[in-house]
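**Q** After the structure tokens below, expect a handful of questions from me.
The values are calculated or read from the model by the stated rules, or taken from the named source; none is laboratory data. Model, not experiment: these values are computed from the prediction. Using ideal geometry, Cβ is built from the backbone for each residue, glycine included, and neighbour counts are taken over all protein chains shown.
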Amino acid sequence: MLIVMTVGATPQQVELVIERVVSLGLKAHPIPGAQRVAIGITGNQGAVEPALFESLPGVLEVIPVSHPYKLVSREAKPENSVVDVSGVPVGGDNFAVFAGPCSVETPEQTLAIARAVRSAGAQVLRGGAFKPRTSPYAFQGLGEPGLAILRDVGREVAMPVVSEALDERSLELVTEYCDMIQIGARNMQNYSLLRTVGRTRKPVLLKRGMAATVEELLMAAEYLLAEGNYQVVLCERGIRTFADHTRNTLDLAAVVAVQRLSHLPIIVDPSHGTGKRHKVVPLARAAAAAGADGLMIEVHNEPSQALSDAAQAILPEELAQLLGQLPVLLPLTGRHLAAALALSA
Ligand code: PEP
Ligand code: MN
């Protein structure tokens with residue numbers, strides 16, 4: 001259920017509603033919007049009686065939320081959310097590019113790639129230190145030393161950094177070293193991990209599970225918001241289908257579907273979405289034209305030497321070329337490339 005306050009409602013009136021919600025043993029989620037504040041209610045087992053709130057001062061209306069997800073829905077917040085990743089805005093009219101290696105390998109490799117993706121125009125540096133690999137014998141990531149490399153390189157090039165947390169232990173480290181926590185496709189429905197991530201106050205990049213519907217993706221995000229973390233960016237990264245010309249089937253329709261249902265930003269990962277270098281740039285352009293809020297792209301300075309996902313890494317020059325083309329596409333959907341943070345002298 002959602003309590004919509006009048007445009008002129010005072011902070012005291014909002015507080016009174018919150019107190020009433022809490023006194024009923026429920027949880028109140030104030031959602032400030034451009035026009036008015038809405039207060040989402042969670043924790044109720046059955047329907048809540050609207051009359052309990054309708055007569056309170058400043059309350060415009062009490063509406064039941066028709067979707068199973070509530071806080072992520074557009075009913076709760078009609079305007080697009082903008083997530084602040086340590087100074088880089090993601091969502092709204094800001095198109096953000098996350099780029100970097102699949103895995104952090106060495107300080108030299110990470111710094112070389114970071115410098116290259118930054119000068120290409122990317123704003124956020126990605127790099128895995130805890131890798132969810134299909135084979136237990138494959139490179140599993142450098143762990144904490146990898147996060148330290150990523151953090152140091154991020155500082156050096158003035159780029160916020162994002163890395164994947166696989167479990168509670170790695171989550172603690174990712175929270176300590178990174179600006180944003182990535183929850184990968186394989187963990188999208190790890191609800192106990194999602195609850196813990198929801199209790200942090202770091203921005204989250206939540207990737208769509210490889211067999212998850214849009215509704216399941218939104219429900220996973222709801223876990224994060226229900227715990228009080230509203231800084232969530234969704235990511236379409238391809239789903240499993242019968243198609244064998246591509247690693248996954250990049251579902252750009254999901255971007256449009258999510259944007260109709262939710263206020264959360266959604267970016268697209270054409271690297272895991274296709275698994276093939278030659279498909280990454282064309283699908284990245286398609287994502288930008290479809291109205292995605294950003295891209296996540298794996299880049300390597302020596303793709304053939306990459307310790308993971310070598311077949312899908314593009315070269316820094318290819319990223320630069322792609323980003324040079326975005327100003328043609330982004331105005332079509334009212335977006336522009338977010339600015340990189342200034343380098344300190
Ligand atoms: C990644 O981005 O490093 C990754 C492992 O992606 P996904 O979870 O989408 O497979
Ligand atoms: Mn990868």
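**Q** Please find, within segment 178-213, the residue that is surrounded by the most Cβ atoms within 10 Å (Cβ to Cβ) out of those that are assigned to a helix (DSSP H, G or I) and within 16 Å of ligand 1 (Cβ to nearest atom).
**A** Per the criteria, the residue is 197.
**Q** Do you know which residues across segment 178-223 are within 20 Å of residue 144 (Cα to Cα) and more than 16 Å from ligand 2 (Cβ to nearest atom)?
**A** 178, 179, 180, 181, 193, 196, 197, 200, 202, 203, 204
**Q** Kindly list, by first and then second residue, each pair from a residue in segment 301-312 that is closer than 17 Å to residue 116 by Cα and assigned by TED's automatic domain parsing to the domain that holds residue 274 to a residue that is among the aliphatic types (A, V, I, L, M) and within 12 Å of ligand 1 (Cβ to nearest atom), limited to pairs with Cβ atoms under 8 Å and residues at least 6 apart or on different chains.
**A** Here the result reads 303/313; 306/313, each pair linking segment 301-312 to a residue that is among the aliphatic types (A, V, I, L, M) and within 12 Å of ligand 1 (Cβ to nearest atom).
**Q** Need the failing condition index for residue 104 against (1) farther than 30 Å from residue 289 by Cα; (2) exposed (fewer than 15 other Cβ atoms within 10 Å of the Cβ); (3) assigned by TED's automatic domain parsing to the domain that holds residue 255, just the number.
**A** (2)
For (1) among the charged types (D, E, K, R); (2) assigned by TED's automatic domain parsing to the domain that holds residue 171; (3) more than 16 Å from ligand 2 (Cβ to nearest atom), each residue gets a yes or a no:
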position: 27; (1), (2), (3): yes, no, yes
position: 30; (1), (2), (3): no, no, yes
position: 71; (1), (2), (3): no, no, yes
position: 86; (1), (2), (3): no, yes, yes
position: 121; (1), (2), (3): no, yes, yes
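**Q** Hey, residue 304 hits all of (1) under 20 Å from residue 246 (Cα atoms); (2) over 23 Å from the mean Cα position of the chain (by Cα); (3) buried (at least 18 other Cβ atoms within 10 Å of the Cβ) but one; which does it fall short on?
**A** For residue 304, the failing item is (3).
**Q** Regarding residue 246, is this residue in contact with a Gly (Cβ under 7 Å, 6 or more places away or on another chain) and surrounded by fewer than 24 Cβ atoms within 10 Å (Cβ to Cβ)?
**A** Values: in contact with a Gly (Cβ under 7 Å, 6 or more places away or on another chain): yes; surrounded by fewer than 24 Cβ atoms within 10 Å (Cβ to Cβ): yes.
Taking the combined requirement at face value, the residue satisfies it.
**Q** If I filter segment 1-16 down to residues being of a type in the set (S, T, N, Q) and surrounded by 13 or more Cβ atoms within 10 Å (Cβ to Cβ), which single residue comes out as nearest to the chain's Cα centre (by Cα)?
**A** 6
**Q** Also: When residue 49 is evaluated against the numbered criteria (1) farther than 27 Å from residue 260 by Cβ; (2) charged (D, E, K, R); (3) at pLDDT 95 or above, which criterion, by number, is the only one it fails?
**A** Result: residue 49 fails condition (3) only.
**Q** Would you please name the residue that is farthest from ligand 1 (Cβ to nearest atom), looking only at residues in segment 270-300 that are within 18 Å of residue 129 (Cα to Cα) and not in a strand (DSSP E or B)?
**A** Looking at the filtered set, the residue picked out is 300.
**Q** Restricting attention to segment 122-139, which residues are surrounded by 19 or more Cβ atoms within 10 Å (Cβ to Cβ) and assigned to a loop (DSSP other than H, G, I, E, B)?
**A** 122, 123, 127, 129, 130, 131, listed by residue number.
**Q** Evaluate the following for residue 57: is it of a type outside the set (Asp, Glu), in a loop (DSSP other than H, G, I, E, B) and farther than 30 Å from residue 296 by Cα?
**A** Yes; evaluated as a whole, the condition is true for this residue.
**Q** Here is a further query. Being outside any strand (DSSP E or B) and either among the polar types (S, T, N, Q) or in contact with a strand residue (DSSP E or B) (Cβ under 6 Å, 6 or more places away or on another chain) (or both) is the filter here, so list the residues in segment 221-237 that pass it.
**A** 221, 224, 226, 229, 231, 237
**Q** Tell me which of these residue 307 doesn't satisfy, since it passes every other one: (1) away from ligand 1 (no atom under 16 Å from the Cβ); (2) in a loop (DSSP other than H, G, I, E, B); (3) not β-branched (Val, Ile, Thr).
**A** (1)
**Q** Small (Gly, Ala, Ser), within 16 Å of ligand 2 (Cβ to nearest atom), more than 22 Å from residue 67 (Cβ to Cβ) and in contact with a strand residue (DSSP E or B) (Cβ under 9 Å, 6 or more places away or on another chain): which single residue out of 273, 294 fits that description? I'd like the intermediate steps shown before the answer.
**A** Working: 294 fails: within 16 Å of ligand 2 (Cβ to nearest atom).
Exactly one of 273, 294 is small (Gly, Ala, Ser), within 16 Å of ligand 2 (Cβ to nearest atom), more than 22 Å from residue 67 (Cβ to Cβ) and in contact with a strand residue (DSSP E or B) (Cβ under 9 Å, 6 or more places away or on another chain), namely 273.
**Q** So which residues in segment 88-144 are among the basic types (Lys, Arg) and within 16 Å of ligand 1 (Cβ to nearest atom), if there are any at all?
**A** Passing the criteria: 126, 131, 133.
**Q** For residue 314, indicate whether it is within 15 Å of ligand 2 (Cβ to nearest atom), on the phi < 0 side of the Ramachandran plot and either of a type in the set (S, T, N, Q) or crowded, with 19+ Cβ neighbours inside 10 Å (or both).
**A** yes
Per-residue answers, yes or no, for (1) outside any loop (DSSP other than H, G, I, E, B); (2) modelled with pLDDT under 95:
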{"residue": "66", "(1), (2)": "no, yes"}
{"residue": "99", "(1), (2)": "yes, no"}
{"residue": "117", "(1), (2)": "yes, no"}
{"residue": "141", "(1), (2)": "no, no"}
{"residue": "154", "(1), (2)": "yes, no"}
